[in-house]
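The values are calculated or read from the model by the stated rules, or taken from the named source; none is laboratory data. These numbers come from a predicted model, not from an experiment. Heads up, the Cβs are rebuilt from the backbone with ideal geometry, glycines too, and the neighbour counts pull from every protein chain shown.
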Ligand SMILES: Cc1ncc(COP(=O)(O)O)c(C=O)c1O
């Protein structure tokens with residue numbers, strides 16, 4: 001099983017059998033309130049009939065079409081629908097099947113862009129400590145999680161540097177929204193550029209809000225600074241929006257939320273409401289055009305997947321984006337954010353809690369670790385919450401909450417109250 005303690009799981013499995021709306025049902029019929037949108041991906045809630053219908057219609061009509069040298073019209077219609085949700089100018093779309101594939105595709109597009117413009121020596125990639133960019137070799141190389149890297153350390157991409165992460169509990173604990181301190185973490189980019197020279201650097205990749213390593217909200221001014229420095233040096237800025245796109249922060253993308261447009265964006269998860277595995281990369285028109293223009297004729301970009309723009313995925317994407325738009329779910333997330341923030345911060349004084357942080361419909365609750373067993377305390381909170389009917393996530397000793405955008409205010413209260421109640425029982 002992926003990212004799971006296999007032996008412990010098999011001794012004590014936790015299985016899910018059904019899902020509808022805001023709830024999972026276990027095989028023995030217990031209802032579990034979904035506080036995490038599955039894995040940050042079921043933004044429109046579970047079992048949406050319009051998506052189910054679209055997938056089943058598509059399976060009957062055209063089950064599969066190769067995307068190499070052939071196509072099907074929905075791949076272009078779905079790309080147009082995705083592009084409409086992107087910041088202005090980011091309207092060229094490449095379909096993948098997952099966040100990991102989107103990240104590796106984005107990194108390759110960055111390299112291809114520089115080479116197409118006669119700057120093929122720009123090969124260095126810059127990620128960030130505590131960044132999570134999936135599990136491809138590109139993603140773990142620019143990623144900053146040691147457990148995901150150490151086993152494969154001899155085989156990581158060679159020309160990679162990392163910015164420092166932006167998490168600073170000593171100065172920013174219990175921030176509501178973007179923390180005040182930490183814009184200066186972006187200055188390290190100038191240091192790395194001075195070391196290698198900008199002419200060797202292809203791209204910087206960051207999650208605008210880092211989710212997997214425990215909800216790290218970007219400090220005020222930080223992303224603006226990254227954008228200014230990359231632009232000044234002709235370095236591409238890639239936003240990994242695998243969890244932030246499609247409404248998580250109360251806007252279509254984090255880029256829109258923060259008012260900062262990258263050059264390339266990695267997408268997945270909420271793009272299809274997780275009903276069919278799907279992902280995409282959105283790029284600025286000039287990046288796309290440069291790559292196409294560099295090739296006289298023939299294939300311009302030697303990359304792609306058997307299941308790029310799979311018909312079931314494009315059907316699911318179109319039905320999902322229709323729901324987001326029709327039900328105004330991004331606006332709904334924005335409207336719910338203040339109540340979500342208040343509910344999260346009621347845990348500030350709860351036992352073991354050293355920090356609560358939040359933005360949009362995502363919150364992180366950081367616990368003091370047990371001296372002898374880091375991670376054990378949050379793991380126990382996760383297990384007890386699940387047993388008592390609320391699903392949360394944990395990384396290390398950080399609890400993450402990121403519910404579907406259809407959540408009701410009473411359910412927001414229920415999630416945080418449950419966490420508080422469980423914390424009282426955890427040593
Ligand atoms: C920011 C980010 N990038 C990439 C990924 C990888 O996505 P996948 O698991 O679909 O490959 C994730 C998954 O959580 C993610 O949060």
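Side notes on the structure shown:
Listed here are the residues, each with its yes/no results for (1) within 30 Å of residue 298 (Cβ to Cβ); (2) outside the structural domain of residue 413 (by TED's automatic domain parsing).
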residue	(1), (2)
17	no, no
24	no, no
28	no, no
32	no, no
35	no, no
38	no, no
60	no, yes
63	yes, yes
69	yes, yes
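- Helices (runs of 4 or more DSSP H) within the stretch 221-316 that include 3 or more residues within 16 Å of the ligand (Cβ to nearest atom): 254-258
- Test: residue in the stretch 136-155 that is part of a loop (DSSP other than H, G, I, E, B), over 18 Å from the mean Cα position of the chain (by Cα) and away from the ligand (no atom under 16 Å from the Cβ): no
- When residues of the stretch 107-135 are limited to those that are under 20 Å from residue 244 (Cα atoms) and outside any strand (DSSP E or B), the one nearest to the ligand (Cβ to nearest atom): 134
- Residue identified as under 22 Å from the mean Cα position of the chain (by Cα) and surrounded by fewer than 24 Cβ atoms within 10 Å (Cβ to Cβ) among 258, 302, 246: 258
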